[in-house]
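To keep things clear, I will list the structure first and then write my remarks on it.
Just so you know, all these numbers are worked out from the coordinates, no wet-lab data involved. All of these numbers come straight from a predicted model, not from anything done at the bench. No Cβ is skipped: glycine too gets one built from the backbone with ideal geometry, and neighbour counts run over all protein chains shown.
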Amino acid sequence: MNFNPAIPIYMQIMDMIKRDIVTGALARGERIDSVRALSEKFGVNLNTMQRACSELERQNVINTQRGVGSFVTEDAQTIANLKEEMSNGMISEFLQGMQNLGYNKQEILEIIRKADEL
Amino acid sequence: MSNILTVKGLTKPFYGNPVLEELDFSIESGRVVGLMGPNGAGKTTLIKTIMQLYRADKGEITILGKEAGTATKGLLSYMPDTNPLISWMRISDALQYYGDMFPDFDKERAGELCESLRLDTGKKVTALSKGTVKRVLIMLALSRKAALYLLDEPFAGIDPLGTNQIIKTILTGVREDASVLIATHQVKNIETIVDDLLFLNNGRLVLSDSSENVREFRGKSVEECYLEVFSHA
Amino acid sequence: MLKNLKWDALDFIHRYYLFLIGMFASFLLVIIPIKSNGVLSELLVVLSAGLGFVVFAAGLILAVNVGYRWLVRKSHLLELTAPQPAWKMLLSKIILTTLINLLICLFILQMSVLWSNNGKFVLLSMQNLKGIPGLVLLLVMIDCTVMFSTIAAMSLRVLRQRPALSTGLLAVVLLTGIITFCAVYMTARGTLILPSISGQNILTVSGSLMIFSTVFPTLFALAVILLEFLVGSFLLTKYFERDEM
């Protein structure tokens, strides 16, 4: 797994998992692997994986039931919020990038419309 | 979270030049620690002093709360950066030797590691390439059920495939509450697996922090941080 | 400790099997019965004797090596990081060197008897064996002193910087001191009997290798070995360090 070494790895893992949940690769309520198995899959050490999972737990993206396992949240609203959060993030990045290139808001809208027609 | 290793005020001069100077740090349980620094910084000296192969002039070393002594040697598993294997032995002999000398040596685990590291136990140690010797030493060190593993340059002279295998072994083969100290020049190799950093320069600790903190608060990768710290040193 | 002994013995055999083969060869050469008692038979005895003495000398050196090499080789990184007390390691080396010295003393004495009988197989008698314990004790004391000197030379900071020189000097000083002390003490007590090894005595069936002719040197040698063992163990545990810089 390739990570950007200059950004906290646990955050990158969290983003990957969130993306999987939003796209449906990880279904609502689906059981996720143990922390150990995940750390092996992602190629990171246990502590990093544990931190990512704890944070996801804290944000209610995943729920852990003692003795049973960890599951993706059942709550559709949470997932919708995630989707919105991620798309907002992408959009502000895009807008920032385009503005850095020198485009103003009108021009950006025009470009998007044109791209859509293709 | 208890401390597996605590080092206080460790000082060791060599021929009058301080090789280790007033070192203070701890390693908590369940952490992977990267010990990094340029050649001659004192990495090997520090590890050997923890292993009691070298003696400090000042300071104390505590392992799981006990002062370093004969009993605590059993809690540490050491992989030296030179080849200590006895010349007439085959790998299978070395396995037997380790089994006799170290009560916590896990023969089954050693067998698994020999397979995953592609080691032929029938071979004589003198017939092994440098890289293969390292893989044997890693296999021996990680087959022990220790509290702290001290690996001195585990990646030197190993191809990318071997490096991957070794990283995988470090990540999966160690008990959750055990810790690993890796002394290495190959900062890139351990970028994503190391929890805590110890940067050593001229026997002094110039940085002691977690890798995620470095990323979050300094906005740098471990490698970038290393370059920054040591280009100013 | 038995495990230490097992591996030390295995190590010795693997490294120095030529020496063991030499002993066996020397024995064969003199024992092979030659029908004609002629030049060939004499030649074989001479060859056997030549080989035998070389092997004996080699054995003496190898016995000293047992106490010294393990601290100098890279394998000390394994041996010294194992969770075992220092006394076990030292005791194993002392026992091994005793066995080797015993072996070569028995060998040279038995071979001497065979050589002087032109190959006729005559076993050693109890009379012959009387001097062996004393000789072995002397040799073991020398080997222990070398081992102790090695440990001491690498335990004291001042000496560590020139380990080879320090070891040599220490060994010579200690041995000279021990022998001088012993000689002076026995002279004062009037019990000094110089070892009498006449060529005649060794090579006949009735001869023996008597070195220690009184009780005092025996006890003294044992005391020296014990002292070196105890102090050596202490130094190895707390102060020993091999400078690799």
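Data overview
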{"item": "Distance violations [Cα-Cα > 27 Å] among B:LYS123/B:LYS168; B:LYS43/B:LYS130; A:LYS83/B:LYS188; B:LYS107/B:LYS134", "result": "A:LYS83/B:LYS188"}
{"item": "Peptide B:192-200, shielding by other chains (average Cβ, 10 Å cutoff)", "result": "3"}
{"item": "On Cα atoms only, tilt of B:130-142 relative to the major axis of chain B in degrees", "result": "80"}
{"item": "Alpha-carbon Rg with Dmax, taken over region B:69-161, Å", "result": "12.6, 38"}
{"item": "Of the DSSP H helices in chain C, those whose Cα atoms cover at least 30 Å axially and whose Kyte score averages -0.5 or more", "result": "C:39-72, C:86-116, C:132-153, C:163-189, C:215-238"}
{"item": "Reciprocal of mean inverse Cα separation for region C:34-95 (Kirkwood radius, Å)", "result": "15.0"}
{"item": "Two-site FRET efficiency, A:GLN96 against B:ASN164, from Cβ-Cβ distance with R₀ of 41 Å, rounded to 0.05", "result": "0.65"}
{"item": "Those residues of region B:105-141 whose amide nitrogen sits under 14 Å from the label point placed on C:LYS3, 7 Å along Cα→Cβ", "result": "B:105-107"}
{"item": "Rg/Rh ratio calculated on Cα atoms of region C:1-65 (Kirkwood radius)", "result": "1.17"}
{"item": "Dimensions in Å of region A:68-118 - Rg and Dmax from alpha carbons", "result": "16.8, 54"}
{"item": "Nearest 10 degrees, 0 to 90: helix B:91-101 Cα axis against chain B principal axis", "result": "70"}
{"item": "Relative contact order (%) - chain B, alpha-carbon pairs under 8 angstrom, separation at least six", "result": "27"}
{"item": "Two-site label geometry, C:VAL54 and B:THR6: point separation in nm, points 7 Å out along Cα→Cβ", "result": "6.3"}
{"item": "Residues C:LEU139, B:LEU207, C:LEU230, sorted so that the one with the fewest Cβ neighbours within 10 Å comes first", "result": "C:LEU230, B:LEU207, C:LEU139"}
{"item": "Sites C:TYR239 and B:SER87 - FRET efficiency at Förster radius 30 Å, r taken between beta-carbons, to 0.05", "result": "0.60"}
{"item": "Rotationally averaged projected area of chain C (alpha carbon convex hull; nm²)", "result": "15.1"}
{"item": "Long-range HN-HN contacts of A:LEU26 with modeled amide H, under 5 Å", "result": "A:ILE21"}
{"item": "Antiparallel DSSP beta bridges within chain B, percent to nearest 5", "result": "60"}
{"item": "Counting DSSP beta bridges with both ends in the protein assembly as shown, the antiparallel % (nearest 5)", "result": "65"}
{"item": "Overall dimensions of chain B as given by Cα atoms, namely Rg and Dmax in Å", "result": "17.4, 52"}
{"item": "Degrees separating the helix B:160-172 axis from the principal Cα axis of chain B, which is the longest one", "result": "80"}
{"item": "Spatially near lysine pairs across chain C, Cα under 24 Å, sequence gap of 8 or more or different chains", "result": "14"}
{"item": "Estimated 222 nm signal from helices in chain B, with DSSP H stretches of n ≥ 4 weighted -39500 (n - 2.57), rounded to 500", "result": "-9500 deg cm²/dmol"}
{"item": "Helical contribution to [θ] at 222 nm, DSSP H n ≥ 4, -39,500 (n - 2.57), averaged over chain C, rounded to 500", "result": "-25000 deg cm²/dmol"}
